[in-house]
Amino acid sequence: MGASFMAELLKLYKRPAVWVIAAIWLVFVVLLAYALPYALFANLPQPEPSEDVPAEMQSEMQAQNEAASEQLMSQLYPENLVAYVLSNISGTGGTLALILGALVVGSEYGWGTLKTVLSQRPGRLVAFFAKMLALGAALVLFVLLAFVVGGICSLVVAGVQSATVDWPSLVELLEGLGAGAVILAVWAALGVFLATLFRSTTLAIGLGLFYALALEGLIFGLPIQNESFQDARRFFLGQNSGFLADSFAGSSLQQPLVPPGPDIGAAQSALVLCLYLAAFVLIAALAFRQRDVA
Amino acid sequence: MISETSQTDGRDNVLLVETSGLTKHYGRRITAVDDLDLGVRRGEVYGFLGPNGAGKTTTLRMLLGLIKPSSGTATVLGEEPGTPAGLARIGALVESPAFYPYLSGRDNLRVMARYSGVAPSRVEEVLQQVELSGRASDKFKKYSLGMKQRLGVAAALLKDPELLILDEPANGLDPKGMADMRAIIRGVRGEGKTVLLSSHLLGEVEQICDRIGVILRGKLVVERTMEELRGREEGLLVRAEPLEEAARVARDLPEVEEAQMADGMLRITADPARAAEINAGLVNAGVRVSELRPVERSLEEMFLELTGGETV
């Protein structure tokens, strides 16, 4: 297993697509998760009070506006690092992990390299789980990258805003890293599962993105308050990714336009995600082991 | 368990590859390999011939455990196909060489060396063996077909295998490359190793194989040594002067059944083992004999006869 794992690591390390995905992830964290929101929150339009509003009320309204801006801005501060980074991991990070998972397995079918690998020494399950371990190692690095870069960005924002710098506790950081790794792993496993099932990269990415963006993103994004509809969210992969990320968030990070979901705690959402992860990996492993390599 | 055959033809009679009733169906309508009994002896170069779609590559894939047989059994080096213990002693190039396009030739071999548990130093050795060291740093996607083929053979040699399975190894190679490939195969055989070679280049097979098996529509139609195949037509070819006189004298010799002139030579129907007596009879009658050899049919002739003219 060790030798096969090292072979998989070498392949990942040398593969340009992996670095491209890492670069996209880095750019996303810096620009879309921090720079743009900062620019937006720092320049929120302040409504002009009409002249007939009494002066005391005008100053009260101004204070409320400033407090609202500060509350939004505080999401970007170091104290909210874990919750904020996790909210991004559960969205864009998951999508990128899905693509990475599909690439890692699907390309082997596309290039026909599976026959070359399996004609060497490793058994099929050893080769498969070595691949999963290497993918897992890459995902842990992706999570670490997000937290390190997010931490630097939050420090810069706090500095520019002259805010006090309070870091999350070590325990919260470690829990956040673990939660991030689980979220990325389950999305990557979906990519692996689809790529193994269809023996293809493009179909796996296409179907995976359709599920993530169209099915879960659009349908559960609708502001439907029906109880059964909301309860159904507790069974879906993307929803549980969001629940797990949200479990780290205080009230300041709750988005007002998103309808309140079912009351799902971190443990329950993590359990659901782990079940998905196990199911995807085991079914893919079984298919990988049993099917002919054409 | 490696079995032994009862044959004793000078070569080792231990079977390294043995299949019994090996069959592969795809759905209900397609039978790619049909009840195949194949035996490859230790130390020989075995040529596996057949027209396109005859089932050669399917058979080789089953021997490597890449695809599972529908029925029948196969043992390779005494192991079930596809087990790590067996694969550790087999080098294989199946169909077109497939490697990671974004990696260099050297890095591709490093990856394969890691999978195989082979020392990294072997990579440079096999690169030299297939004369690819000079281009080993180039990306695989930039390789010509011939270079890809060389890399495939290099990967097959990485483990210094006891059994080399090569599927069309000369594909895309220029004449020098083909000569190099023959030299590699002969070198491997010279080390006492076994080669199972599938090829559509009959000339190549004829030059390097000890035995051949011909597969047709999934069935093995013949499995013989090259000598056995060539020896099936009894006769001698004689270059002599004057040719008409040689034909007349030959017809009178008791060892000769028939003598005919063709293409400037005399074709004699006789037991090749009586060549010395026939030569002496011709010379004693004053005929100058400059060449006398057994009639050998080309592998192509034999192949066409066996396969009824189906394309290789």
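Numbers for the structure displayed
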item: Total residues in the stretch B:238-256, condition closer than 16 Å to B:Ala276 by Cβ and in contact with a Ser or Thr (Cβ under 6 Å, 6 or more places away or on another chain); result: 0
item: Residue that is most open to solvent (accessible area, probe 1.4 Å) [pool: residues in the stretch B:67-82 that are in contact with a Gly (Cβ under 6 Å, 6 or more places away or on another chain), more than 8 Å from chain A (Cβ to nearest Cβ) and part of a loop (DSSP other than H, G, I, E, B)]; result: B:Pro81
item: Matching residues in the stretch A:116-135 - criterion: being among the basic types (Lys, Arg) and either open to solvent by less than 20 Å² (accessible area, probe 1.4 Å) or more than 7 Å from every other protein chain (Cβ to nearest Cβ) (or both); result: A:Arg124, A:Lys131
item: Top-ranked residue in the stretch A:45-84 [being hydrophobic (A, V, I, L, M, F, W, C) and not in a helix (DSSP H, G or I); ranked as surrounded by the fewest Cβ atoms within 10 Å (Cβ to Cβ)]; result: A:Val53
item: Strands (runs of 3 or more DSSP E) within the stretch B:158-275 that include 2 or more residues open to solvent by 40 Å² or more (accessible area, probe 1.4 Å) and in contact (Cβ under 8 Å) with a residue 40 or more places away in the chain; result: B:219-225, B:236-241
item: Where a residue in the stretch A:103-114 is facing chain B (nearest Cβ under 10 Å) and its partner, wherever it lies, is buried (at least 24 other Cβ atoms within 10 Å of the Cβ), with Cβ under 6 Å and at least six apart; result: A:Leu114/A:Glu108
item: Counted residues, the stretch B:83-115 - those being more than 7 Å from chain A (Cβ to nearest Cβ) and open to solvent by less than 30 Å² (accessible area, probe 1.4 Å); result: 10
item: Residue count, the stretch B:116-131 (criterion: at the interface with chain A (Cβ under 8 Å from one of its Cβ atoms) and either crowded, with 19+ Cβ neighbours inside 10 Å or modelled with pLDDT of 95 or more (or both)); result: 1
item: Flag for B:Leu145 being facing chain A (nearest Cβ under 8 Å) and either farther than 24 Å from B:Met62 by Cα or surrounded by fewer than 19 Cβ atoms within 10 Å (Cβ to Cβ) (or both); result: no
item: Checklist (1) open to solvent by 10 Å² or more (accessible area, probe 1.4 Å); (2) touching a Leu at 6+ places or on another chain (Cβ under 8 Å) applied to A:Val186, failing item; result: (1)
item: Considering residues of the stretch A:219-246 that are in contact (Cβ under 8 Å) with a residue 40 or more places away in the chain and out of contact with any Asp or Glu (no Cβ under 8 Å at 6 or more places or on another chain) only, the residue surrounded by the fewest Cβ atoms within 10 Å (Cβ to Cβ); result: A:Asp246
item: Verdict on B:Leu49 being on the phi < 0 side of the Ramachandran plot, buried (at least 24 other Cβ atoms within 10 Å of the Cβ), more than 12 Å from every other protein chain (Cβ to nearest Cβ) and hydrophobic (A, V, I, L, M, F, W, C); result: yes
item: Residue ID - farthest from B:Val123 (Cα to Cα), chosen from residues in the stretch A:24-44 that are open to solvent by 50 Å² or more (accessible area, probe 1.4 Å) and within 22 Å of the chain's Cα centre (by Cα); result: A:Tyr38
item: In the stretch A:29-44, the residues that are assigned to a helix (DSSP H, G or I), out of contact with any Cys (no Cβ under 8 Å at 6 or more places or on another chain) and not aliphatic (A, V, I, L, M); result: A:Pro37, A:Tyr38, A:Phe41
item: Checking A:Gly176 against (1) part of a helix (DSSP H, G or I); (2) free of Cβ contacts under 8 Å to residues at least 40 places away in the same chain, the condition it does not meet; result: (2)
item: Some residue of the stretch A:159-167 being in contact (Cβ under 8 Å) with a residue 60 or more places away in the chain and surrounded by 18 or more Cβ atoms within 10 Å (Cβ to Cβ); result: no
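The values are calculated or read from the model by the stated rules, or taken from the named source; none is laboratory data. Not measured: the values here are computed from a predicted model. Reconstructed Cβ throughout: ideal geometry from the backbone, glycine too, with neighbour counts over all protein chains shown. Ligands, DNA and RNA are excluded from the accessible area calculation, which covers all protein heavy atoms including side chains. Shrake-Rupley method; radii C 1.70, N 1.55, O 1.52, S 1.80 Å.
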